[in-house]
């Protein structure tokens, strides 16, 4: 039977420890490389998506600008010549029909971009000008779900006015009230309150008077306060 000295045993233990340490180091390095490779893949994906998103936004902005040229086009008199490179119409209906088509194309191609979201709103406005209220409502409802608070508020305001035209006064009032409670930069509180007061002017003049007084009190020395004062004078006395 071979006798292993304590010294040789320690050497074997040392070699085994070194071997395990080397193996652990190799495994650690392999793990580091795997993690680094995964991180690199994620970074490439992030920057690739950002680059793609930015390119899409640039394209969407150009498409939205072209659509706006139709929406804002001049309506010229019959027989009046059209200037070179000018987009103009002799029929307002054709103008808004073309604009609606252009905005719809922007939404279909670039709906996830901000210009695409703006195009939704203007598609609704175009159909509203055409008197196609169901189409307008559909587009405003889609815009209302936008993550952009300003656009969503503008869409709700248009929906409120549309509901007034289509015999849904309670829904209109509900939207006006909600907008007044959460005003935005593009749709400040006094503007909404004036619209709400105008909404009540015929059916509930007492409530309209209360809201006009609120505008004068909360926003003195403003154009809104002056408009509220003028509207108060038009209300029936004693209302």
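FYI, it's all coordinate maths here, none of it is from the lab. Computed from a prediction, not measured in an experiment: that's the story for all the values here. All Cβ positions, even for glycine, are placed from backbone atoms using ideal geometry, and neighbour counts span all protein chains on display.
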Prolate/oblate/rounded label for the stretch 96-195 (Cα gyration tensor, a/c 1.5):
oblate
Relative contact order as a percentage, the stretch 153-239, C-alpha pairs under 8 Å and 6+ apart, gives 20 percent
Taking only C-alpha pairs under 8 Å that are 6+ residues apart, what is the relative contact order of the stretch 75-210 in percent?
13 percent
Relative contact order, percent, the stretch 132-171 [alpha-carbon distance under 8 Å, six or more residues apart]
33 percent
Would you please classify the overall shape of the stretch 185-233 from the alpha carbon gyration tensor, given that a ≥ b ≥ c denote the square roots of the eigenvalues, rounded means a/c under 1.5, and beyond that prolate means a/b larger than b/c while oblate covers the rest?
oblate
Cα gyration tensor shape for the stretch 153-239, rounded if a/c is under 1.5, else prolate or oblate
oblate
Cα-projected label distance for residue 174 with residue 55, points at 7 Å along beta-carbon direction, nm
4.5 nm
